[in-house]
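Some notes on the structure that comes next.
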Amino acid sequence: MTRVVRELLSRRLLFVTGKGGVGKSSVAAALGVLAARRDIDTVVVEVGRDRALAGLLQGDRPLEPGDGCTPVPVSPHLFTLHLEPEAALTEYLELQLRVRRLVRLVVGNPGFRRLLDAAPGWRELITLGKLWHLESQRDGAAPRWGLLVVDAPATGHGLSLLSVPHVVLDTVRLGPLRRHTDWVQGLIQDRTRTLVLPVTLPEELPVKETRELRESVRELGIGLGPLLANGIEPVPELPELGALLAALEGAQLAELPDGAALRSIVEHAMRRARLQRGFLDELAQESEEPLVELPRLLEGVETREQVERFADALEAALAAAEVEA
Amino acid sequence: MSGAWLDRRVLVTVGTGGVGKTTVAAALGLAAARRGKNVLVLTIDPARRLADALGVTGLDHEVREIPRAVLESAGVPGGAALSAMMLDTKRTFDELLDRYAPDPEARERILENPIYRNLTDALAGSREYSAMEKLYQLHSEGKYDLIVLDTPPASHALDFLEAPRRLTGFLDSQLLRLLFLPARAMGRTGFRLFRLGSNMLLPLVERITGIEFLRMVSEFLLAFESLWEGVGERAREIDKLLRDPATGFLLVVGPDPVQRRRAAEFWERLDQEEIHLAGMVVNRIHDWPAGHAPPALDEAARAKAIDQLAARLDVPTARASATALIDLILRQAALARRDQGLGATLGHELPLDARDVRVIPLFAEDVHALEGLGRMAERLVAEADRV
């Protein structure tokens with residue numbers, strides 16, 4: 001196991017975030033698979049309304065839907081959880097108030113439900129609270145869960161999630177809420193346990209959003225892990241490009257289009273490659289953390305089989321990033 | 001039908017993140033301006049180079065006109081105009097406060113509330129709501145022939161359609177007053193309905209959250225309540241505008257399998273909402289030279305192509321270079337095969353008239369430069385370019 005992989009998987013909580021459409025869920029699922037292959041009991045946690053993870057991680061048979069706060073087993077050492085704030089809140093209130101009937105009365109009260117609908121921030125807070133709860137669960141002396149990989153919401157909302165403890169700690173000075181938020185903040189600001197992994201694409205807007213995301217995460221005092229550039233189109237080394245293009249002139253190769261058409265295809269691909277290289281260089285320049293280049297898989301990352309292949313690619317890319325660094 | 005999209009008063013580009021919605025919105029704006037219209041593009045977060053190329057560097061929450069010189073070089077005739085504005089959720093809400101807050105004190109109270117300051121973005125549907133609010137406001141001013149709205153990327157289809165309803169629906173002001181004002185303020189009905197609330201609920205919640213937090217939340221909700229009557233009326237008007245026949249929704253789709261699947265989910269939601277889809281833009285597909293079908297070579301044919309190319313090369317690394325180049329070409333062919341006929345397939349699935357589907361190739365040059373944007377604009381209105 002390479003150092004980068006080892007250090008990543010030795011954490012307890014990894015937040016995978018980035019602009020919408022960059023492939024956060026695929027990356028989170030692949031990280032889960034990598035950890036589970038090493039016999040680490042891993043929960044890939046999905047936050048938000050999307051339900052993509054079950055489809056990505058399940059094999060031939062569909063997964064049970066789960067109750068919104070208990071990890072569902074997927075395969076050896078791998079679990080998934082679609083975290084439902086309402087379910088997590090009920091669980092929390094039961095732990096706090098200790099009388100289940102009372103909790104039902106509160107949670108079932110229409111007034112309380114309307115209040116919940118309206119009140120901002122509690123979903124983020126209870127989500128982090130539930131992650132803390134999972135992290136702190138013990139099986140004897142050992143942690144019940146080795147690693148939690150969070151498929152976090154897209155940048156803006158993802159940052160709201162990470163900043164909500166600040167808002168609470170600024171206002172609330174006493175009581176259980178203060179105490180519990182202190183615990184949560186203690187976990188997410190502890191770089192030995194928690195890292196944020198930004199995922200991006202070699203395109204202008206995702207690169208820009210990643211820059212802003214990384215700044216905000218630093219300001220929140222949270223650790224940053226390797227920067228994952230997804231969707232990288234592989235470009236071969238072509239030192240003899242000039243000679244190659246000349247050789248295509250007038251050629252008719254097997255069943256391929258004529259040389260002139262091939263030439264325009266190659267030139268198009270090389271121009272795209274230069275654009276891509278430019279964005280990768282920009283990312284590498286401003287990142288102190290390793291830059292990991294994840295290849296674009298032609299068939300996509302939609303099934304468990306494809307996630308396994310993507311996990312292989314992720315592992316190789318993490319190793320390559322280490323060599324670079 | 002060519003250009004019929006551009007005859008509408010409002011075009012809304014929708015789709016998941018990462019499909020190039022913002023660029024498509026800008027290109028639509030340019031295409032309409034080229035046809036002599038006065039156009040405004042409302043965008044979420046334009047690429048810096050796109051803003052630079054359009055001569056509106058540092059675009060922010062103000063309407064900015066694209067300079068005349070830029071328009072001329074982009075083929076926009078005199079009399080037509082193109083403007084752009086970047087949506088800013090927090091600023092839009094601040095403006096709502098200015099308009100609807102009952103008094104300056106209430107306004108200050110909200111502005112200073114930590115929840116408002118930090119979590120406006122997290123408030124369910126606030127980004128989407130603010131986009132709709134701004135669209136409605138500018139549309140009412142009637143200054144533009146066409147407004148193109150680039151919506152926030154919604155991974156979970158059409159949050160923005162629900163946003164006005166969610167925002168207004170859940171802040172039932174009567175309820176909040178009953179929950180948070182002292183008991184004496186309650187009427188008899190309220191008292192009966194929320195007896196549980198007043199007797200038991202709050203002390204319980206308070207036991208966990210502490211009184212300060214509860215006060216902060218209640219202040220936030222009460223203060224916001226003052227806005228709600230105005231906003232509620234507004235939400236109904238916005239809903240009407242979105243369903244107006246002069247408003248068209250354009251679904252932007254990318255060729256990746258995930259993006260294709262999400263597009264179908266998106267369309268389903270639109271359909272449920274009884275929103276009519278005006279068309280679809282399939283963006284960034286991999287082209288293959290006209291007159292050929294992208295080939296799939298078997299191992300023998302691949303080896304043959306490599307041999308033939310290597311034989312034509314007079315360099316020491318002939319075989320390695322030829323292999324790399326042929327594999328590069330085959331990768332492009334595989335991408336083109338994947339994307340081939342995608343416009344027709346997706347259009348058929350939705351179902352959309354073939355005339356309402358436009359296919360935009362992955363350009364080799366920067367679409368954020370004026371020239372690239374112009375090329376995309378042409379593809380968006382050209383009738384001949386259908387796959």
Do me a favour and compute the ellipsoid semi-axes for segment B:241-320 from its Cα gyration tensor, root of five times each eigenvalue, largest one first, whole Å. 48, 13, 10
For chain A, what does the equivalent ellipsoid look like in terms of its semi-axes, each the square root of 5 times an eigenvalue of the Cα gyration tensor, given largest first in whole Å? 43, 21, 18
Output field shielding_mean for A:206-215 (other chain Cβ, 10 Å radius) holds 1
Other chains near B:254-265: what is the mean number of their Cβ atoms within 10 Å of each residue's Cβ? 3
Sparse-neighbourhood loop hits (trypsin sites (Lys or Arg not before Pro), segment A:52-142; DSSP loop; Cβ within 10 Å at most 15 others) -> A:Arg98
Percentage of interatomic Cα-Cα distances in segment A:202-318 larger than 25 Å: 43 percent
Which far-off residues, 5 or more places away or on another chain, put their amide H under 5 Å from the one on B:Ser83, with H placed in the peptide plane? B:Val39, B:Leu40, B:Val41, B:Ile66
Only helices counted: for chain A, with every DSSP H run of 4 or more residues adding -39500 (n - 2.57) and the sum spread over all residues, [θ] at 222 nm is -17500 deg cm²/dmol
Tell me the angle of helix A:304-324 to the major Cα principal axis of chain A, expressed in degrees between 0 and 90 and rounded to the nearest ten. 70 degrees
Once a ≥ b ≥ c are taken as the square roots of the eigenvalues of the Cα gyration tensor of segment A:165-258, is the result rounded (a/c under 1.5), prolate (a/b larger than b/c) or oblate (a/b not larger than b/c)? prolate
Bin all alpha-carbon pair distances of the protein assembly as shown at 20 Å intervals from 0 and give each bin's fraction as a whole percent. 16, 47, 31, 6, 0
Per its Cα gyration tensor (rounded if a/c is under 1.5, else prolate when a/b beats b/c, else oblate), segment A:128-216 is best filed as oblate
Taking A:195-201, B:255-261 and ranking on average Cβ neighbours within 10 Å, highest first, one gets A:195-201, B:255-261
Cα centroid distance between segment A:227-243 and segment B:275-298, in Å? 23 Å
Over segment B:322-387, how many percent of alpha carbon pairs lie in each 5 Å bin up to the one with the longest distance? 3, 15, 18, 17, 19, 15, 8, 3, 1
Isotropic mean projected area of the C-alpha convex hull, segment B:42-146 (nm²): 8.0 nm²
The ³J(HN,Hα) series, computed from each phi in segment B:339-348 with the Karplus coefficients 6.51, -1.76 and 1.60 at θ = phi - 60°, rounded to the nearest Hz and given as x for glycine or proline, is 8, 4, x, 4, x, 5, 4, 5, x, 5
Number of partner chain Cβ atoms within 10 Å, mean per residue of A:169-182: 4
How high is the relative contact order of segment B:1-64, in percent, counting Cα pairs under 8 Å that sit 6 or more residues apart? 20 percent
Cα-Cα over 27 Å: which of A:Lys130/B:Lys90; A:Lys19/B:Lys90; A:Lys130/B:Lys21; A:Lys24/B:Lys240; A:Lys24/B:Lys21; A:Lys19/B:Lys143? A:Lys130/B:Lys90; A:Lys130/B:Lys21; A:Lys24/B:Lys240; A:Lys19/B:Lys143
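Values in this text are rule-based calculations from the coordinates and carry no lab data. The model shown is predicted, which means the values in this text are computed figures rather than measured ones. Cβ: placed from backbone, ideal geometry, glycine included. Neighbour counts: every protein chain shown.
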